[in-house]
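Comments concern the structure below.
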Amino acid sequence: MNATPGKAAVPAKISYVVTFPEAQAHYADIEMTVSGLNQPVLDLKMPVWTPGSYLIREFAKNVESLTATANGKAIAAPKLNKNTWHINTAGITSVTVKYKVYAFELSVRTSFIDVSHAFLSTTGLFLWPKGMLDQPSTITIKPYKNWNKVSTSLEKVGGDAFTLTSPNYDILYDSPIEVGTQDVFGFDVNGVKYEVAMYGGGNYDKERLKVDMAKIITAEAAVFGENPNKHYTFIVHNKLRNGGGLEHLSSTVLGASRNNYNTENGYKGFLSLVAHEHFHLWNVKRLRPIVLGPFDYETENYTTNLWIAEGFTAYYQNLMLRHAGISDTEGFLADMAGDINIVENQPGAKVQPLAEASFDAWIKAYRPNENSINTGISYYDKGAMVGMLLDLEIINSTGGKQSLNDVMKYMYVTYYKGKKRGYTDAEFKAAFEKFAGKNLDDFYAKYINGLAPFDYNKYLGYAGYKLTDELANSTEPTLGVVINNGPKKMVTTVLRGTAAWIQGINVGDEIVSIDGTPVTDATIIMNGKKIGDQINVTVTRDGQAMIIPITLLRNPTQKNKIEELPNATPQQLTVRKKWLNL
């Protein structure tokens, strides 16, 4: 039987060797060998995005000087398109391809190399042979100078930390690699081995982190009834200022600020990030929307359910800190009120439905511009609010016997473990309804697919709480702009519906004066002004002075807090106890 073009008739052997002869210039040299070939052509492809970060990043843009050899001779490897190299392999059983990758973007989703370390985000480094995504591969790392450690969730070959193996490309592309002199420590949680790899130094306390991270891990595993990993790796990049995280099947990459561990807010912020990314090992890496795996690495993978995958995870990052005993009740409620403020103070929440925010992540979420606050809402923030509301609905409907945890476990067991596939939107909705004991068509119409304002007090009331806006009676006016408070007072944002929006102040305008008085401090430009005042704002736009008449409007900013209702009923106290793990 003849082999079909682009697909191996028998399993090929695939290996990579990664070296760093120009680490100082941020390059990795990669040698890829594909042997055991029995096919007329071999197409090599580079992913265009990395799972968990929903943006086409065009990783092939960083590939240089690709050459191919077979039987000791150079062979042609022309590009067919932006991320595909084509090799004629008729009569050839083994091909070696060499290429360089530029890596100078230290984020949780992109590779970075300098003389201090290499962070290898595998989707942007390793080509895959078309038709062989299910094939195993071996990666040999030859470290630069004094680098002596490798941290990754990939399995070692023969106990050699610098020789790794992956059973297929979905695992390889889901397993970042840290190489260098990172500080490594570990701990066990119910038989699962955890490794923490700290790059960049910092004022962290290892022993304290071991205890608190273990508490979070234990609380999260209790939601799903198991921890499916044998080992798990935290790769932490400590910089002067850093943040963010990206989840993987058996690891995560976190960004942290190296000097913030010894402050209450800094330490809690780091643990919140740990809770978020670790929760993802269940929610989205295993319990996932049906389109998110097997992945198409060459184009967008659209889903309307990132409000579950990311939004619920954002909700649980706070809830798990409470259930683990790291946050007290007041701290948790303050965190939730803060999340409410984010949603309610974003004009785009009234423009973009939650399901649409998920679907449009590929073109909006990772490409914000000066008007994004007015046109969209984060499926993280608003999704967390939906998670809270549904949690309270289920707890109340079941008299405190069940919660959102039971929905998450049911979906994990039913779809990931049982059906061994992802879920559809309708299937998750049916699970919510199963545990809430009611039809949720109206809830979905209002809060998921529509733009209705959240009825926070209905749901918080189930637990004997209410939401109070401390600025509800404020008579403070606002221009409706965000101004850079540097030497030049430049407008960076104009908020929808405000005086500046209505009367034509633009992003990029320099605010020069108000009623002839020079503006020297952006924080005090409304001092002495009242709602309805008529003012003349002098701006410089494209080098020309303009006077813009403005009628000041009320500042719509909310500052919410969650307070106890007086005389909570036994039912409300039951809901509260279940919700807050009291």
Exercise. Kirkwood hydrodynamic radius of region 77-176 from all distinct Cα pairs, in Å?
Worked result: 15.3
Exercise. Check Val184: other-chain or 5+ apart residues with amide H under 5 Å from its amide H, H built from backbone geometry?
Worked result: Met198
Seminar exercise, completed: Any lysines whose Cα falls less than 18 Å from that of Lys401, other than same-chain ones fewer than 8 residues away, would be Lys409, Lys434, Lys438, Lys577, Lys578
For this session: For region 130-141, just list the computed ³J(HN,Hα) in residue order, Karplus coefficients 6.51, -1.76 and 1.60, θ = phi - 60°, integers in Hz, with x standing in for Gly and Pro.
Result: 3, x, 10, 4, 8, 8, x, 8, 10, 10, 10, 10
Problem set entry | Sorted by Cβ neighbour density within 10 Å, fewest at the top, the residues Leu120, Leu495 | Leu495, Leu120
Exercise. Once the Cα gyration tensor of region 300-349 is diagonalised, what are the square roots of 5 times its eigenvalues, in whole Å and ordered largest first, as equivalent ellipsoid semi-axes?
Worked result: 24, 17, 5
For this session: Starting from the coordinates of the alpha-carbon atoms of region 477-554, obtain the Kirkwood hydrodynamic radius over all distinct pairs and give the value in Å to one decimal.
Result: 12.2
Problem set entry | R0 of 41 Å, Cβ-Cβ distance Arg554-Ser397: FRET efficiency to nearest 0.05 | 0.60
Seminar exercise, completed: If the chain between Val211 and Leu80 were fully extended at 0.36 nm per residue, the gain over the current Cα-Cα distance would be 41.9 nm
For this session: Quote the FRET efficiency, to the nearest 0.05, computed for Lys61 versus His231 with a Förster distance R0 of 30 Å and r equal to the Cβ-Cβ distance.
Result: 0.35
Problem set entry | Full-extension gain in nm, Ala222 to Leu240, via 0.36 nm per residue minus C-alpha separation | 3.0 nm
For this session: For n ≥ 4 DSSP H runs only, could you compute -39500 (n - 2.57) per run for the chain, divide by its residues and tell me the 222 nm figure to the nearest 500?
Result: -7000 deg cm²/dmol
For this session: May I ask you to list the aspartates and glutamates whose Cα is less than 20 Å away from that of Lys145, ignoring any residue fewer than eight positions away on the same chain?
Result: Glu22, Asp29, Glu31, Asp114, Asp160, Glu178, Asp183
Exercise. Considering the values [x] 25.9, 94; [y] 43.5, 139; [z] 26.8, 86, which represents Rg and Dmax of the Cα atoms in Å as calculated for the structure under consideration?
Worked result: [z]
Problem set entry | Members of Lys364/Lys559; Lys285/Lys420; Lys268/Lys466; Lys193/Lys230 lying beyond 18 Å, as alpha-carbon distances in this model show | Lys364/Lys559; Lys268/Lys466
Exercise. Amide H to amide H, which residues 5 or more places from Val41 or on other chains are under 5 Å from it, using H placed in the peptide plane?
Worked result: Gly6, Thr89
Seminar exercise, completed: Note on the chain: contact order normalised by length, alpha-carbon pairs under 8 Å, 6 or more apart, percent, works out to 10
For this session: Using label points projected 7 Å from each Cα along Cα→Cβ, tell me how many nm separate Glu105 and Leu573, to one decimal.
Result: 5.5
Problem set entry | Compactness of region 13-179 as Cα Rg over 2.2 N^0.38 Å, two decimals | 0.99
Exercise. Cα gyration tensor of region 349-498, axes a ≥ b ≥ c as square roots of the eigenvalues: rounded (a/c below 1.5), prolate (a/b > b/c) or oblate?
Worked result: oblate
Seminar exercise, completed: So the compactness index of region 110-153, its C-alpha Rg divided by 2.2 N^0.38 Å, takes the value 1.37
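No lab work stands behind these numbers, since they all come straight from the coordinates. What you see is a predicted model; the values in this text were computed from it and never measured. Glycine gets a Cβ as well: all are built from the backbone with ideal geometry, and neighbour counts include every protein chain shown.
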